[in-house]
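What follows is a set of notes on a single structure, which appears directly below.
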Amino acid sequence: MTMTAERDAVAAAKPTSITMAAALNRALADALSQDETVLVFGEDVGTLGGVFRVTDGLAATFGQSRVFDTPLAESAIVGTAIGMAMNGLRPAVEMQFDAFAYPAFEQITSHLAKLHNRTRGRVSLPIVIRIPYGGGIGGVEHHCDSSEAYYTHTPGLRVVTPGTPSDAYALLRQAIECPDPVIFLEPKRRYWSKETAVLDHRSSTVDRAVVRRSGTDVTLIAYGGTVATAMEAAEAARQDGRSVEVIDLRSLSPFDDETVVASLRRTGRAVVVHEASQFGGYGAEVAARLSEQCFHYLEAPILRVAGFDIPYPPPKLEQHHLPSVDRILDAFDRLQWEDTSTLERRST
Amino acid sequence: MTMTAERDAVAAAKPTSITMAAALNRALADALSQDETVLVFGEDVGTLGGVFRVTDGLAATFGQSRVFDTPLAESAIVGTAIGMAMNGLRPAVEMQFDAFAYPAFEQITSHLAKLHNRTRGRVSLPIVIRIPYGGGIGGVEHHCDSSEAYYTHTPGLRVVTPGTPSDAYALLRQAIECPDPVIFLEPKRRYWSKETAVLDHRSSTVDRAVVRRSGTDVTLIAYGGTVATAMEAAEAARQDGRSVEVIDLRSLSPFDDETVVASLRRTGRAVVVHEASQFGGYGAEVAARLSEQCFHYLEAPILRVAGFDIPYPPPKLEQHHLPSVDRILDAFDRLQWEDTSTLERRST
Amino acid sequence: MTFLAPVGNDAGAGGGGESDRFLPSEIPMALLDPAGRVLPSSELAMPPADVLLELYRQMVLGRRFDSQATALTKQGRLAVYPSARGQEACEIGAVLALRPQDWLFPTYRDSMAIVARGVDPVEALTLLRGDWHCGYDPYVHNVAPQCTPLATNTVHAVGLAHAARIKGEDTVALVMLGDGGTSEGDTHEALNFAAVWKAPVVFLIQNNGYAISVPLSKQTAAPSLAHKGIGYGVRSVKIDGNDPAAVYATVDAAIRSAAAGDGPVLIEAITYRIEAHTNADDASRYRDPAEVQAWLARDPVSRLRAHLTERGLLDDDAVAAIESAAEDRAGELRRRMNVDSELDPADLFRYVYAAQTPALARQARELAEEIDRAEEQR
Amino acid sequence: MTFLAPVGNDAGAGGGGESDRFLPSEIPMALLDPAGRVLPSSELAMPPADVLLELYRQMVLGRRFDSQATALTKQGRLAVYPSARGQEACEIGAVLALRPQDWLFPTYRDSMAIVARGVDPVEALTLLRGDWHCGYDPYVHNVAPQCTPLATNTVHAVGLAHAARIKGEDTVALVMLGDGGTSEGDTHEALNFAAVWKAPVVFLIQNNGYAISVPLSKQTAAPSLAHKGIGYGVRSVKIDGNDPAAVYATVDAAIRSAAAGDGPVLIEAITYRIEAHTNADDASRYRDPAEVQAWLARDPVSRLRAHLTERGLLDDDAVAAIESAAEDRAGELRRRMNVDSELDPADLFRYVYAAQTPALARQARELAEEIDRAEEQR
Ligand SMILES: Cc1ncc(C[n+]2csc(CCOP(=O)(O)OP(=O)(O)O)c2C)c(N)n1
Ligand SMILES: Cc1ncc(C[n+]2csc(CCOP(=O)(O)OP(=O)(O)O)c2C)c(N)n1
Ligand SMILES: [Mg+2]
Ligand SMILES: [Mg+2]
């Protein structure tokens, strides 16, 4: 293991161009090789390497007892992971698509989230549930849900989602090391997006948001699949003369108030953007808590650019549903810029 | 059926003192007698009459083919209800406790909520899922969850919860008549609260909020189990010289913007109160959408009085978790009354 | 040792005595061997000649439909297509055994069955084309929408069938599922509810040996999937799923018995998917081409053709006529699928609830305005 | 008719030939009849005398514990209590057969079993007292927290057992469930995973005839619950669950065989709950008192006492000594339960995550301040 670690250190030092899927694969491989209690299992994750190939090659490298296919039953995948974790292992399991995690909902909410608390901390469940989530890949019904709001409302779970390949690596490594259960949401339409980066999981912490781009006029809050869209929108807004600060939340629960509040108190305006339906979506929490903490700093209401309040559309209509650069720019326009002078700034 | 209807009309005209559980029982009985496609089933709802006795006597009156016990499997209860509704029946099923609806989560989110949309309206699912929810009855773990946020974030579902016995009757009757699937949340700690009222389900509509008490200083938004608490808090606040308007939402989804926004634009201050954990809770949506729609009318941020971000506590500690009158009064105190004069009122 | 019997609790009821009637045969039942020869001493009744001919015709049409659909994925005309090639005996045999009033609950793989049931092929492909989640009206041919979340349709079928009984209607529900789908909790709950309610449901497991890449040996350790039935008190049959005559005869008998009030039936049909899981899958990652070859030798279509030819019920002309009809339909389908579908984004907001809510009406307006603005800018 | 055999797809594997080894006996296996007489020709091995004596002692202690707990509900000292009276043979027989390294996965009804395993009775009752969700450290006696959502503990047991195998440890997991719990999807998924993985798990169904008010006849139409095993390739046994010797012998054999790598075992123990579902339930609404009477005649405790007395292994003095020990423990429990428990509201925020989040720290502070304010106002 020392040799592997050394080789890793060398490899990590050199920036490489890597997709998010490959970065996740690397994270799993490195975790498997550095900690023999780590296991990877789920539907088609072994021989096939997963339908998105995130587990490609792992069964061959680490053997069928550490990386394996299960029978087709999500509740049992999560439930047996719980039993394994009670017995000292660290399972990182895969749900094949977002909506196919719903059969495991009872195991997730009633046990995974609560067992540590139930036993006054005696039982730890260092489990990662990887879920490819969101749309944008032309998938048919049930293959494109964004269900972060269900998990973030469940105390005891951590919910994390990467926006870039290097974060995908770092956050997954940290999620696997984390003593708490982590719902790890992988924005499937970013699986093939590339970044040239050094893979390293010690330089950032999973529960802090990151300012991806600095700006002074408006804070644009994104996560997972919408981070890239937000960056594009920020760039487009610059051409309209607006300076946009983009925050990538990374950890949806717990929420990093410090970073976001600091930004919003500087800019006075915020837009939060996600794919999930707006009503009761994660953006509601973001808007509600920021409105409360930054009330006197706000020049305009916090706007949400989110999916409509409809079931996820069929492939040919999904472009209308997904938050687009245009829709974000429209939201910027609605941030009451013209009113600024006529209103007292409420900050004391 | 005409005779029954007439008898009902007579009975309904006379105000009677009735508990919420009895009002719900009446609603089911009246629906069963007036529409022969209505069915009631679930765990222990037949012979036993339900663990809360809400279905007491129905099997005896309407027979085992319309009111019956099922095997113990919530996913199948909801799933078979879907099949029955596809075949022209109107099932009103019971989940025994809130957390025990989770095994049915996939059927609820992936089918119940979506089948009408999936078939371009050809299939209707007039199904009611009754769920006793919330705490305050000294129930052990898993018997006290408030999961409205999961359902309200799921497009295609209606989510309704009564705050009083007469509403329990009216809303349940309307839910059963509704062509859409309805998650009907019964605040179990109010099952035995009484009201003297005329039971009638035509005079109010299920998707409108109701102003339970008029006031001018602050809008207090509650639903289900917290309505009574809110009314108490409003009364207590009156003694502090504050005039509180209490709104009982009744329909959590869809949300009645009109009624609530009108109130808030008058009062300029709002508190929303629920038992569920605050983070990502239903109150976040209320606060976010009202902040947006009433931005220039707000004297203070919208505050949420909600459960902590913890698993539901054991019986002996639940009083610390549940929103209390005191906690609501404290929230009123934090509504920045002293700042009023120093701030420009932002309404135009 | 009868001391448990007299006690009132029905906990001791049942007993192994009648167990056997629930268990499948050791060897899959069949009527025709792979060469189309009639097998002796089967428990199944050979379907009449006209049924066999119709089975053959529909299988040829179905296979051609299936290959056309696969071709359409290559041209980007379908978002995805899960082929049922090799499973024609199940797809067609089951559907032809259904009576008009019966219901079919298909999965994503059963487009062929849906078309055989009478659904317009373009409507059947609406889901996989990416136009809408379901393109047909379920009530026209009594076909539920194709189900994607595995095994979740099993409980729907039980509910629909039980409702029919409550209403006094003579309707049986046939639900299809795969070997993988048998591992989901819903399958278990459905079999149990169906048995307790004596609901007229036929469960048809197409055991094609794989759930995507996962072989049956990683899915179950049971002697067979049909052996699950006894755990619910459901009569179970294991059949050769590549023998169209056997599939028809078994489903037909199951439907009659379910309709007669004898409760649900579980059928395990042993078959094989010749293509990859979908066009997006790479089957070479998990199975040996030799295995596919071996199964090609057990092809359901040529098996029935051999049988019918041998019996003089089919000649080269008739074969050619059926093939040409299949070709015509495929051409027609190609033509229709090559026309860009007209989709109305406003549909996104139309069917969420029976009546559009004010919030959805507003969102629909916002989207319409956005689209207008975008078009103006062009 | 062997044509299916040579094909590579393992879909045709198994076959009914070996079916029988998975099926339970027709009549529940037993060692002792209700009068305590040894039954002839059983497949089970009679436990040695010292084990029988310990079984008896623990059943008496367990029953007294159970009645004490029921009494505590009346005094408001427990929030709720689901009694296992009448099920002592299962509760005790199963636990005594466990080796120290094995794990027990109990339900809400199995407090008696937990105490027999060595858990302090007050800690065992912490959940039902309303103090916390689980009062004991699961790792001290290898006892998982009592499980309330039905059947959800079955998959945990499979995971823990499989993990032990992966780690090369000799650990078996015994999971308890009720007849009602067998209808939940998780039970099915657990049996299937256990069989495919050959996980060392013993599933013990205490079939007490009711799920709250719902009788077995509305729960299943199967010949027996043990008949479910074959559908997963799990060996299954049906036993007289009121015969402590049979329960012990069966669980003991099952644990040995699971530990030896022979895979999981499913045991259906036919028993009866004498009390209502919980103290809050009214059993008269759904069952006939005569039924209870009939089952009282099959009492597990008196059955074993009769047997031991007959064999000269137990005399009146020994019986009295055990009863007096049970009385002492009950008194001790009563005394300890009558002391108001000291609860720290800050605990609500302590164990949600391994390290307290800033948000929870803030909420804990807010609550502490609120409590301080309230106390000042008094
Ligand atoms: C609940 C659920 N989990 C996972 C999936 C993803 N998935 C789609 S098809 C498939 C394999 C199904 O295998 P099987 O039931 O044997 O049917 P087949 O595809 O062979 O016809 C999987 C895992 C799904 N659709 N639903
Ligand atoms: C998932 C779930 N659904 C419903 C309940 C409510 N409930 C508690 S006990 C019970 C009956 C259980 O019967 P059985 O499994 O036979 O066990 P027994 O109580 O007889 O020991 C029910 C329905 C639950 N605890 N969990
Ligand atoms: Mg398959
Ligand atoms: Mg029971």
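Roughly what % of Cα-Cα distances in segment B:146-208 sit above 17 Å, to the whole percent?
Roughly 42 percent, once rounded to a whole number.
From the label point of A:Val198, set 7 Å along Cα to the beta carbon, how far off in nm is each other copy's matching point, shortest first?
In nanometres, ordered from closest: 7.8.
What list of whole percents do you get for P(r) of segment D:143-264, with Cα-Cα distances grouped in 5 Å bins up to the one holding the largest distance?
The calculated distribution, bin by bin, is 2, 12, 22, 24, 22, 13, 4, 1, 0.
In the Gaussian network model of chain B, springs joining C-alpha atoms below 10 Å, which of B:Asp207, B:Asp256, B:Asp330 carries the largest mean-square fluctuation?
Between B:Asp207, B:Asp256, B:Asp330, it is B:Asp330 that shows the largest mean-square fluctuation.
Can you find, among A:Leu220, B:Trp337, C:Tyr108, the residue sitting farthest towards the positive end of the charge dipole of the protein assembly as shown, where Lys and Arg contribute +1 and Asp and Glu -1 at Cβ?
The listed residue farthest towards the positive side: B:Trp337.
Per-residue Cβ counts within 10 Å, from other chains only, averaged over D:368-378: what number is that?
The mean count of partner-chain Cβ atoms within 10 Å per residue comes to 1.
In chain D, how many lysine pairs have Cα atoms under 28 Å apart, counting only pairs 8 or more places apart or on different chains?
So the count of such lysine pairs works out to 6.
Short version: ³J(HN,Hα) in whole Hz for each residue of segment D:118-126, in order, from phi by Karplus 6.51 cos²θ - 1.76 cosθ + 1.60 (θ = phi - 60°), x for Gly and Pro, what are they?
x, 5, 4, x, 5, 5, 5, 8, 4
Give me the percent of DSSP beta bridges within the protein assembly as shown that run antiparallel, rounded to the nearest 5.
Antiparallel bridges: around 20 percent, rounded to the nearest 5.
Under 5 Å between amide hydrogens, which residues at least 5 positions from B:Asp256 or on another chain qualify, with H placed 1.01 Å from N in the peptide plane?
Answer set, sorted by chain and number: B:Ala209.
Counting only other residues whose beta carbon sits under 14 Å from that of B:Gly121, what net charge do I get with K and R as +1, D and E as -1?
So the environment of B:Gly121 carries a net charge of +1.
Compute the angle between helix B:20-34 and the longest alpha-carbon principal axis of chain B, please, reported from 0 to 90 degrees and rounded to the nearest 10.
Around 40 degrees separate the two axes.
Taking +1 at the Cβ of each Lys and Arg and -1 at the Cβ of each Asp and Glu, which of D:Ala258, B:Thr19, D:Leu32 sits farthest along the dipole of the protein assembly as shown towards its positive end, judged by Cα position relative to the Cα centre?
Among D:Ala258, B:Thr19, D:Leu32, the one farthest towards the positive end of the dipole of the protein assembly as shown is B:Thr19.
Where is the GNM fluctuation largest for chain D (alpha-carbon springs, 10 angstrom cutoff): D:Gly233, D:Gly130, D:Gly181?
D:Gly130
About the Cα centre of segment B:199-348, how large is the charge dipole given +1 on each Lys and Arg Cβ and -1 on each Asp and Glu Cβ? Please answer in debye to the nearest 20.
220 debye
Could you work out the mean count of beta carbons from other protein chains within 10 Å of each residue's beta carbon in B:302-313?
6
May I ask for the net charge around B:Gly49, where only other residues with Cβ less than 14 Å from the Cβ of B:Gly49 are counted and Lys, Arg are +1 while Asp, Glu are -1?
Neighbourhood net charge equals -3.
Can you bin segment D:13-343 into rounded, prolate or oblate? Criterion: square roots of the alpha carbon gyration tensor eigenvalues sorted a ≥ b ≥ c, rounded for a/c under 1.5, prolate for a/b above b/c, oblate for the rest.
rounded
Let me spell out the model: positive unit charges on the Cβ of Lys and Arg, negative unit charges on the Cβ of Asp and Glu, origin at the Cα centre of the protein assembly as shown. What dipole size does that give, in debye rounded to 20?
420 debye
Give the peptides B:181-187, C:153-159, A:310-316, D:318-324 in descending order of average Cβ contacts within 10 Å, highest first.
Output ranking for B:181-187, C:153-159, A:310-316, D:318-324: C:153-159, B:181-187, A:310-316, D:318-324.
Any chance you could check the Cα centroid distance between segment A:72-121 and segment B:218-232 for me, in angstrom?
36 Å
Using helices alone, what [θ] at 222 nm do you get for chain C, with -39,500 (n - 2.57) per DSSP H run of 4 or more residues, divided over all residues and rounded to the nearest 500?
Here the helix-only value at 222 nm equals -13500 deg cm²/dmol.
Counting only other chains, and only Cβ atoms inside 10 Å, what mean value do you get across the residues of D:189-202?
6
Label position 7 Å from Cα toward Cβ: report the copy-to-copy distances for D:Asp262 in nm, one decimal, ordered from shortest.
Listed shortest first, these distances are 3.7 nm.
Considering amide H positions built from the backbone, and no H for Pro or chain starts, which residues 5 or more places from D:Cys147, or on another chain, come under 5 Å of its amide H?
Here D:Thr107, D:Tyr108 satisfy the definition.
On C-alpha positions alone, give me the angle between the axis of helix A:282-293 and the longest principal axis of chain A, in degrees, nearest 10.
50 degrees
For the rotation that superimposes chain C on chain D, which residue of C has the C-beta lying nearest to the axis, and at what distance in Å?
Here the nearest residue and distance are C:Gly185, 1.
Order C:296-308, D:48-60 from most to least packed using the mean count of other Cβ atoms within 10 Å.
Result, highest mean Cβ count within 10 Å first: C:296-308, D:48-60.
List every residue whose amide H lies under 5 Å from the amide H of A:Val38, counting only residues 5 or more places away in sequence or on a different chain, with H placed 1.01 Å from N in the peptide plane.
For A:Val38, the qualifying residues are A:Arg90.
Using alpha carbons only, how many degrees (0 to 90, rounded to 10) separate the axis of helix A:226-239 from the longest principal axis of chain A?
30 degrees
With +1 on each Lys and Arg Cβ and -1 on each Asp and Glu Cβ, how big is the dipole of segment B:107-223 about its Cα centre, in debye rounded to the nearest 20?
320 debye
Taking C:Arg336 in one copy and the same position in all the others, each labelled 7 Å out along Cα→Cβ, what are the pairwise distances from the first, in nm, shortest first?
Label-point separations across copies, in nm and ascending: 7.5.
Per-residue ellipticity at 222 nm for chain B, helices alone: DSSP H runs ≥ 4 residues times -39500 (n - 2.57), over residue total, nearest 500 deg cm²/dmol?
Calculated at 222 nm, the ellipticity per residue is -10000 deg cm²/dmol.
Under a Cβ-Cβ cut-off of 14 Å, what is the net charge of the residues other than D:Asn153 that fall near it, where Lys and Arg count +1 and Asp and Glu count -1?
That sum, taken over residues with Cβ under 14 Å, equals -3.
Could you list B:Thr109, C:Thr271, A:Thr16 in order of exposure, starting from the residue whose Cβ has the fewest other Cβ atoms within 10 Å?
So the residues, fewest neighbours to most, are A:Thr16, B:Thr109, C:Thr271.
Going toward the positive end of the dipole of segment C:174-305, with +1 on Lys and Arg Cβ and -1 on Asp and Glu Cβ, which of C:Leu177, C:Asn279, C:Tyr248 do you reach last?
Going by the charge dipole, the pick is C:Tyr248.
Treat each spin label as a single point 7 Å out from the Cα along the C-beta direction, and report the D:Ser67 to B:Ala60 distance in nm.
If labels sit at D:Ser67 and B:Ala60, their model points lie 3.3 nm apart.
Over segment D:13-343, what is the mean sequence separation of C-alpha contacts under 8 Å (at least six apart), divided by residue count, expressed as relative contact order in percent?
27 percent
Read-outs throughout are calculated quantities, based only on the coordinates presented, and are distinct from any laboratory measurement. Fair warning: this is a prediction, and the values are worked out from it, not measured in the lab. So basically every Cβ, Gly included, is an ideal-geometry build from the backbone, and we count neighbours across all protein chains shown.
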